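Working notes for the structure below.
The values are calculated or read from the model by the stated rules, or taken from the named source; none is laboratory data. Computed from a prediction, not measured in an experiment: that's the story for all the values here. Here the Cβ positions follow ideal geometry from the backbone for every residue, glycine too, while neighbour counts run over all protein chains shown. The area values use the complete protein model at the heavy-atom level, side chains included, leaving out ligands, DNA and RNA. Shrake-Rupley method; radii C 1.70, N 1.55, O 1.52, S 1.80 Å.
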Amino acid sequence: MTGEAFSSSQNTFDRDRLMFLAGEIQEVVKMGVELAVLVGGGNLIRGASLKEVSISRIIADHMGMLGTLINALALKGFLEAQGIASSAMGSVCVPGILEQYNQSSAKKRLEKKEVVILGGGTGNPIFTTDTAAVLRGKELDVDVIFKATKVDYVYDKDPNIYQDAIAYKRISFGEAIQKRLKVMDLTALTLAMECRIPIYVFNFSRPKNLIKAIEGADVGTLLLEEEG
């Protein structure tokens, strides 16, 4: 989940946005679905802006990872305030503040129906939040990865610029990689293909879309391994 889902043009942490997130997550929990949420840090820090002030990519990525840890704590605190059991874990250790990610512990908490919130990406610079989502998905044996975005489907080109953009309802990882579709970075797509973890891309800003996606409704794009 992008960190921008937490914010508005007025607030870094917008109450209305957080209430929306909590409501959507609570509906999933009521269904009995085990849910892990990996958060980004876009509402707090953007790599492009750091490049403008001559901060190196490695340092910028480390700063970005710290931003995601803040968001993990923020989401945990807000969910708990709404009565939703949750745990926050980071790939980067912050003693006394945030528990370090542990595969076994995360699995046990998911089994207890806690929402497990993951921050810190992979814990390494260069690798994106998308790649971290696939890595954690493999470790936690997830059935599917839901990528929450601002658009309804994966398109062959930017639908905000091109009116004739074609939407894909279902596409293989191989074709997405070949066409260089900007749905995830190449490392994440390749890893998901190798691990055989389907990815469902959908517009999270539309109410109930996450529930609909889980139930199999046509509200986004399904990426999966080659068929046949």
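Per-structure values
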item: Residues located in segment 24-44, provided they are assigned to a loop (DSSP other than H, G, I, E, B) and either under 18 Å from residue 213 (Cβ atoms) or open to solvent by less than 30 Å² (accessible area, probe 1.4 Å) (or both); result: 31, 32, 33, 34, 35, 39, 40, 41, 42, 43
item: Residues of segment 64-98 classified as polar (S, T, N, Q), open to solvent by 20 Å² or more (accessible area, probe 1.4 Å) and under 16 Å from the mean Cα position of the chain (by Cα), total; result: 1
item: Qualifying positions in segment 99-120 - free of Cβ contacts under 8 Å to residues at least 60 places away in the same chain and in contact with a helix residue (DSSP H, G or I) (Cβ under 6 Å, 6 or more places away or on another chain); result: 103, 120
item: Positions within segment 126-139 being crowded, with 22+ Cβ neighbours inside 10 Å and of a type in the set (Ser, Thr, Tyr), in sequence order; result: 129, 131
item: Members of segment 99-125 that are surrounded by fewer than 21 Cβ atoms within 10 Å (Cβ to Cβ) and part of a strand (DSSP E or B); result: 99, 100
item: Subset of segment 47-58 [over 15 Å from residue 123 (Cβ atoms) and not basic (Lys, Arg)]; result: 47, 48, 49, 50, 52, 53, 54, 55, 56
item: Segment 135-184 - residue that is among the small types (Gly, Ala, Ser) and touching a Ser or Thr at 6+ places or on another chain (Cβ under 8 Å) and, of those, modelled with the lowest pLDDT; result: 148
item: Selection status of residue 227, open to solvent by 50 Å² or more (accessible area, probe 1.4 Å), of a type in the set (Asp, Glu) and modelled with pLDDT of 95 or more; result: no
item: First in segment 9-21 and assigned to a loop (DSSP other than H, G, I, E, B), second anywhere and among the hydroxyl-bearing types (Ser, Thr, Tyr), Cβ under 6 Å, 6 or more apart; result: 14/7; 14/8
item: Residues of segment 155-181 satisfying the condition of being among the basic types (Lys, Arg) and touching a residue at least 24 places away in the same chain (Cβ under 8 Å); result: 169, 170
item: Pairs with Cβ under 9 Å, 6+ apart, first in segment 127-147 and within 22 Å of residue 59 (Cα to Cα) and in contact (Cβ under 8 Å) with a residue 12 or more places away in the chain, second open to solvent by 20 Å² or more (accessible area, probe 1.4 Å) and charged (D, E, K, R); result: 127/61; 127/185; 128/185; 130/147; 130/185; 131/185; 133/147
item: The listed residue being in contact with a strand residue (DSSP E or B) (Cβ under 8 Å, 6 or more places away or on another chain) and either within 18 Å of residue 14 (Cβ to Cβ) or without any contact (Cβ under 8 Å) to a residue 24 or more places away in the chain (or both), out of 76, 30, 51; result: 76
